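Undergrad: Below you will find the structure I want to go over with you.
The values are calculated or read from the model by the stated rules, or taken from the named source; none is laboratory data. Bear in mind the structure is a predicted one, so any value in this text is a computation, not a measurement. Cβ sites come from the backbone with ideal geometry, for glycine too, and all protein chains shown count toward neighbours.
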Amino acid sequence: MYKVLIADDETLDLEGMKTFIPWESLGMEIVGAVTNGFSACELIETQKIDVLVTDVNMPNMSGLELAKRVRERFHDVRIVFVSGYRDFQYVKEALTLQAYSYVLKPMNEDELIQSLERIRRDLDDARKREQAEHEVRQMLSGGAKPAPSPAMAADGMGKNGKLIQEIIGMMRSGLDQPLTLKEVADQFSFSPNYLGQIFKEATGQTFHEYLVALRMEKAGELLRDPKLRIYEVAYRVGYRYIPYFSKQFKETYRMTPLEFRNGQ
């Protein structure tokens with residue numbers, strides 16, 4: 001669960017955000033709800049915060065000043081401003097602080113929820129990148145090969161586990177060929193929509209996401225063979241356009257195929 005701090009000197013707005021925003025379904029939990037910037041600063045010193053939702057105009061320390069202090073100390077905190085002020089200067093300052101959104105009061109709950117959903121996706125992506133970087137550092141430091149992530153494990157897939165394992169086996173054996181969800185669905189006599197749904201339920205990833213992960217996993221293995229040229233590795237995992245392969249590889253490993261190979 002991502003940690004959220006709310007700061008708003010208007011008690012009704014504070015209680016409203018605590019009560020009417022579906023924090024749990026957003027994958028978030030409130031670790032603090034305070035009425036001034038000083039209390040927020042004190043809490044941040046003792047709690048790890050992922051998201052700050054703050055009113056712009058609070059007494060003694062404005063939300064903008066609070067956000068500046070937070071940004072200086074903790075660069076990764078995502079910030080959302082709520083305010084009854086439409087003044088462009090406030091909005092401009094919010095933009096300089098790289099705020100995700102500026103939600104006007106009286107508050108539109110849907111607008112705030114949409115902002116929080118974008119933040120959650122961003123945080124999820126950041127976690128995946130950190131995990132990939134950690135695994136690459138382990139490999140480059142000569143440690144044991146990291147175990148597959150839960151999303152790539154072939155067991156624990158529920159009632160459709162056997163079917164999904166068969167599909168994953170088919171995917172692994174055909175990594176060098178173009179492969180689509182429709183082709184696989186036709187082979188197993190399912191509609192693409194239905195097969196895509198049960199595949200994601202079982203693995204936590206879409207068919208395309210899982211296929212890319214398998215291809216990148218295989219590419220990492222092949223790149224350890226110095227006899228194989230990079231374009232040959234790309235072909236063996238289903239990529240005919242080398243720049244796209246390099247882009248996909250870098251998104252996964254946070255380095256180019258050549259950098260990966262040189263680090264082995």
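Undergrad: Tell me which residues, restricted to the range 227-259, are more than 19 Å from Leu211 (Cβ to Cβ) and touching a Pro at 6+ places or on another chain (Cβ under 6 Å).
TA: The one that is more than 19 Å from Leu211 (Cβ to Cβ) and touching a Pro at 6+ places or on another chain (Cβ under 6 Å): Ile230.
Undergrad: Could you run through the range 206-264 and say how many residues are assigned to a loop (DSSP other than H, G, I, E, B), under 23 Å from the mean Cα position of the chain (by Cα) and of a type in the set (A, V, I, L, M)?
TA: Residues of the range 206-264 that are assigned to a loop (DSSP other than H, G, I, E, B), as a first pass: 206, 223-229, 237-241, 254-256, 263-264.
Add one more test, that the residue is under 23 Å from the mean Cα position of the chain (by Cα), and what stays is 206, 254-256.
Then drop every residue that is not of a type in the set (A, V, I, L, M), which leaves 255.
Summing the residues that are assigned to a loop (DSSP other than H, G, I, E, B), under 23 Å from the mean Cα position of the chain (by Cα) and of a type in the set (A, V, I, L, M) in the range 206-264 gives 1.
Undergrad: Next question, about the same structure. Write out, first by first residue and then by second, each pair whose Cβ atoms fall under 7 Å of each other, whose residues are 6+ apart or on separate chains, and whose first residue, in the range 222-251, is at pLDDT below 90 while the second is in a helix (DSSP H, G or I) and exposed (fewer than 15 other Cβ atoms within 10 Å of the Cβ).
TA: Ile242/Tyr231
Undergrad: Additional query: Across the range 61-89, which residue is modelled with the lowest pLDDT among those that are assigned to a strand (DSSP E or B) and within 18 Å of Asp9 (Cα to Cα)? Explain how you work it out, then say what you get.
TA: Of the range 61-89, the ones assigned to a strand (DSSP E or B) are 78-83.
Going one step further and asking which of them are within 18 Å of Asp9 (Cα to Cα), we end up with 79-83.
Working: Ile79: 91, Val80: 90, Phe81: 88, Val82: 87, Ser83: 81.
Checked the range 61-89; the qualifying residue modelled with the lowest pLDDT is Ser83.
For (1) at pLDDT below 90; (2) more than 14 Å from Tyr239 (Cα to Cα), each residue gets a yes or a no:
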residue: Ile164; (1), (2): yes, yes
residue: Gly169; (1), (2): yes, yes
residue: Leu179; (1), (2): yes, no
residue: Asp186; (1), (2): yes, yes
residue: Thr203; (1), (2): yes, yes
residue: Met216; (1), (2): no, no
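Undergrad: When you go through Val51, Val56, Val34 one by one, which is the residue that is surrounded by 16 or more Cβ atoms within 10 Å (Cβ to Cβ) and over 19 Å from Ser101 (Cα atoms)?
TA: On the way: Val51 fails: over 19 Å from Ser101 (Cα atoms); Val56 fails: over 19 Å from Ser101 (Cα atoms).
Within the list Val51, Val56, Val34, the selection yields Val34.
Undergrad: Kindly list the number of the only condition in (1) at pLDDT 85 or above; (2) part of a strand (DSSP E or B) that fails for Pro22.
TA: Condition not satisfied by Pro22: (2).
Undergrad: Ok, one more. When the range 96-110 is examined, which residues are found to be closer than 19 Å to Gly27 by Cα and either exposed (fewer than 14 other Cβ atoms within 10 Å of the Cβ) or out of contact with any strand residue (DSSP E or B) (no Cβ under 7 Å at 6 or more places or on another chain) (or both)?
TA: Residues satisfying the conditions are Glu109, Asp110.
Undergrad: What do you reckon, is Asp176 surrounded by fewer than 19 Cβ atoms within 10 Å (Cβ to Cβ), touching a residue at least 12 places away in the same chain (Cβ under 8 Å) and not in a helix (DSSP H, G or I)?
TA: Judged against the criteria, Asp176 is a match.
Undergrad: Scanning for something more than 13 Å from Val82 (Cα to Cα), in contact with a Gly (Cβ under 7 Å, 6 or more places away or on another chain) and in a helix (DSSP H, G or I), does the range 42-60 turn up at least one residue?
TA: So far as the range 42-60 goes, yes, one or more of its residues are more than 13 Å from Val82 (Cα to Cα), in contact with a Gly (Cβ under 7 Å, 6 or more places away or on another chain) and in a helix (DSSP H, G or I).
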